[in-house]
């Protein structure tokens, strides 16, 4: 394997509970636990999970926006877990982000020229008409005409605003762009435009992406490698095709069978699979259970699952999974869990 | 800042459920110009502005307005002209000085007070507040603690303290007032800074690598200005009052100065001779000035706040609705025929946001209405339920509910139907529930309203309903408040409320959009189960074609205020006829990361820019001159199967289909 552009090792982020006037401070909420992954230059790593899974917190940790409790983040081999002030500019130049809400991530009081240009001035010192030309070039790259230079965010649609955010990130010349739910707020027809744009940019500039979303279909479409998060844990990681076609963690399978697809026949199959899962909601991150956090919704949970937190074991080719099924019980050894869930579901159906 | 209007918000599904009148009808408008428009539209604010303008003139060029020297009197006249006369408009004071001119010159003193006190207050308060709010944590707590101690001292006391240390004069008094007022600006600034710091665009600026000082200067201060201007106006009034008080007490302006407070003080000596007359001009000037500043402050605050009128869901009355020329579907639970809905605009030309929308749902059937934001899908449902938000109007069409014509029912008659015969499920379950009322009580509400159950029966029925929507431990959950429910559980409660009176028709507007995908599956399963058990008809509105594939029997695809294609779900997904449906299906990513997504170029146009011919023509790869010039009619192929496209038949043939997907 070539040297990773960024590697995250055993990352943990805690949020302190709100301080109380009397009594001891509440236990911290463990938002991210023991998360490890790496991204090669010019590749896309997709991070998928539902709300409360900690996927955005991982992004914010890399971006130095939250305090890191434990773990190491390396960028091109250099430790960037806690970037010192004097190194911050050098770090920001290499890591940029496109954030979720295309409306609130742009300041309403500035025109596009300023929004995109501020970063260029900061990092390259370019000013005046030279800077405007650079902004025009970036606008062109994200598919907007030069007229947009003098527009305010409120004069643009969500898709256009998201293109501005992308241009702002590109202006700095980063090696990694973190896209945190960057397409989630967009309509289908606009979402596909933005996804194609991101792929074009990668092809041209060789920039790597950390693409974070709740929609596994979108994530596996755009990503080379995928990580699935549940309640702060990375429960499965592997190349996109393997995770999508041979999920090794029951939660990944649940997520896949929950996404409705625009195809009634296939949807009926997914719906049948979905029925195997137990109606229930994830436990609160403030009060995680002792064993596997997915045990209470897992159709194939064993006794050990409620007792012990599973370790990370190898899965797919070079991937990893955090599930007892691979080391005890059926000992799936990193393979797909789909058939096992199906056979178990059939057995329960026969028994009843 | 408020949500944008008009064209700017067309492609975010999150807002599709709340398309309000202003969002749809108003032309694109900058927040700044809207503030000015509202400010000048308010007569009190306009009067206040005129008054303040006159004061400013009196302050800068008092000679223009004054008729005589305010300091030089004619002792010979002193007893003759105490009351108004032709020569002395407001009379003279006891020393024979022209009273009118003195009042005019008084404006200068008032503004001098404002200038000194405000520049000190803002000069200290804003930086302190910025620093405190930006730093946060312990620094913030200590600074704010000190600030609050200072804040609790009476302003006049601080002014006296400064006068004692230095010497009595209006300037010194105003220094004290400025220091006291700085605490108010510090608090305000800190509050704004703390809030802005959490904004996504501040994160974005930090990610870009901008320094703290740049972010404060360029990103936070501009957003601080509007609330600061409001405070500016309100505090100016207070400063004038305090200045006048101090002058009245003899510790402010000099005894000879034409200051309003001094004049009030002096008028006491003249009281025996002319009664209260001499109090009126300076007193009036003070009252009107303070009033003007306060009114102006309120008006500015109101005009930068959110537009209330566009936010509330006021239902428009139905006046003249042109009847539809299409026959209703036989035996339909709900049937809507060629419905037009219009919104008036500022330039007087109404904008049509629904054009000829028809739909029908049979008993026990699920109809899906699918479209992107701006397609009018939510408006269709609202208007069918008699809930067209004002000032919108249904101008054409016909609505039948279970065979009964309900097109022009009054709001009162509708209220008997909604909640009883029709259950409605909304996008944001938590937002629909009242946070202060126990959940059980809210489920009982429709039962007590629409049936003759007593409280005990209603409670029992509510527990049954909660059990039916699979809320675990329903009896205990009855006595909990909405915040104790997760999103998925709250939506179950929403469904229980909609089901309370056993309606034959359920309308669900994006019922799972706000939920996580694994919870979405549970909710959709629940809806399907309810339908199976009760034979309820369901209309489900969504932007997600997957949800449609999951639950709908029939589908209507909407684009730009029109139904473009309708039919059985299986057919529409297998063999979409309309180029829009086809393109929409192809543009959805489906796991395989190798192939490029098909893209529909451009975006949904705003209602005011809808093209003349086919509304999809500018984005359609098959569009011809016919499409660009002539509106395609909705063609009924068979009952419930419709298409609005000039070329659908040619596009169905295999040869063109290949071109279409290439």
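Annotations for the structure displayed:
- For region A:246-351, average projected area of the Cα convex hull in nm²: 7.6
- Whole-Å distance, taken between Cα centres, linking region A:140-162 and region B:120-138: 35
- Partner shielding of A:252-261 amounts to 5, given as the average count of beta-carbon atoms from other chains within 10 Å of each residue beta-carbon.
- Short-range pairs are left out: with C-alpha atoms under 8 Å and at least six residues apart, the relative contact order of region A:246-351 is 30 percent.
- Shielding by partners - mean other protein chain Cβ count within 10 Å, residues of B:47-53: 0
- Relative to one another, the C-alpha centroids of region A:186-247 and region B:594-642 are positioned 30 Å apart.
- Counting, for every residue in B:214-227, the Cβ atoms of other protein chains within 10 Å of its Cβ and taking the mean gives 2.
- When shorter helices are ignored and each DSSP H run of at least 4 residues is given -39500 (n - 2.57), the per-residue value for chain B at 222 nm works out to -15500 deg cm²/dmol.
- Residue-normalised convex hull volume from the C-alpha trace of region A:202-308: 120 Å³ per residue.
- Ascending count of other beta-carbon atoms within 10 Å, so fewest first, for B:501, B:627, A:292: B:501, B:627, A:292
- Between residue B:87 and residue B:32, the FRET efficiency estimated from the beta carbon spacing at R0 = 45 angstrom works out to 0.40.
- Computed over chain B: relative contact order in percent, which uses C-alpha pairs under 8 Å that are six or more apart: 12
- Taking the empirical scaling 2.2 N^0.38 Å for compact globular proteins as reference, region B:583-637 has a Cα radius of gyration ratio of 1.41.
- Counting all C-alpha pairs of chain B, share separated by more than 42 Å (%): 48
- Nearest-ten-degree value, helix B:221-248 long axis tilted from longest Cα axis of chain B: 30
- Principal-axis tilt of helix B:487-499 within chain B, Cα atoms, nearest 10 degrees: 70
- Descending by average beta-carbon neighbour count within 10 Å, the peptides A:70-81, B:291-302, B:233-244, A:33-44 line up as B:233-244, B:291-302, A:33-44, A:70-81, the highest first.
- Ranked by the mean number of other Cβ atoms within 10 Å per residue, highest first, peptides A:329-339, A:115-125 order as A:115-125, A:329-339.
- Percent RCO, i.e. relative contact order, over chain A, from Cα pairs under 8 Å lying at least 6 residues apart: 18
- Of all beta bridges that DSSP places with both ends in chain B, some 60 percent have antiparallel geometry.
- For chain B, the longest principal axis of the alpha carbon atoms and the long axis of helix B:99-135 meet at an angle near 50°.
- Restricting attention to the protein assembly as shown, close to 60% of DSSP beta bridges with both partner residues there are antiparallel.
- Each principal axis of the Cα cloud of the protein assembly as shown was taken in turn, and the coordinate range along them, longest first, works out to 116, 72, 67 Å.
- Relative packing of peptides B:617-623, B:347-353, B:596-602, B:336-342 - highest average C-beta neighbours within 10 Å first: B:336-342, B:617-623, B:596-602, B:347-353
- Across all directions, the shadow cast by the convex hull of region A:6-230 built on its C-alpha atoms averages 13.6 square nanometres.
- If you wrap the Cα atoms of region B:150-235 in a convex hull and average its projected area over all directions, you get 6.9 nm².
- When each of B:481, B:201 is scored by the number of other beta-carbon atoms lying within 10 Å, the sequence from fewest to most is B:481, B:201.
Any read-out appearing in this document is the output of simple, stated calculations on the displayed coordinates, not a laboratory observation. In this text the structure is predicted, and so the values were computed from the model without any measurement. A quick note on method: Cβ atoms are made from the backbone with ideal geometry, for glycine too, and the neighbour counts reach across all protein chains shown.
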